[in-house]
Amino acid sequence: MARSSFGKLSRDKAKKEKAQAKRERRLAAAEEVVDEPVADRGDSRSTEELLREIEELHRLYDEGALGLDDFEERKADLLGRLSVD
């Protein structure tokens, strides 16, 4: 049975640490969006405008012009700005 080299183990550990740090940043950003009151966002866009922006985000993601992380972050922000009546 072949054993992994120290270099490979080191790379695997660094990769896992980087992924964990990314998860923590995304969770912290999501908490900031949730904690921020809607009235304090200073967004005067209408629901229709926000929905059009979400459609545009989907189009850009489908075309490959927008990465998954950016897509999810921007979409969550826009959905958080929608007012529910």
*Some residue of region 46-63 being under 21 Å from Lys22 (Cβ atoms), outside any helix (DSSP H, G or I) and in contact with a helix residue (DSSP H, G or I) (Cβ under 8 Å, 6 or more places away or on another chain)*: no
*Taking the residues in region 1-20 that are of a type in the set (A, V, I, L, M) and in a helix (DSSP H, G or I) as candidates, determine which candidate is nearest to Asp69 (Cα to Cα).*
Ala19
*Considering only region 1-41, state which residues are at pLDDT 85 or above and among the polar types (S, T, N, Q).*
Ser5, Ser10, Gln20
*Within the set of pairs 6 or more residues apart or between chains, which connect a residue that is acidic (Asp, Glu) inside region 51-70 to a residue that is surrounded by 11 or more Cβ atoms within 10 Å (Cβ to Cβ) with Cβ atoms less than 8 Å apart?*
Glu53/Arg45; Glu53/Leu78; Asp69/Arg26
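The values are calculated or read from the model by the stated rules, or taken from the named source; none is laboratory data. Small disclaimer: the values here were computed from a predicted structure and weren't measured. Positions of Cβ are backbone-derived with ideal geometry, glycine not excepted, and every protein chain shown enters the neighbour counts.
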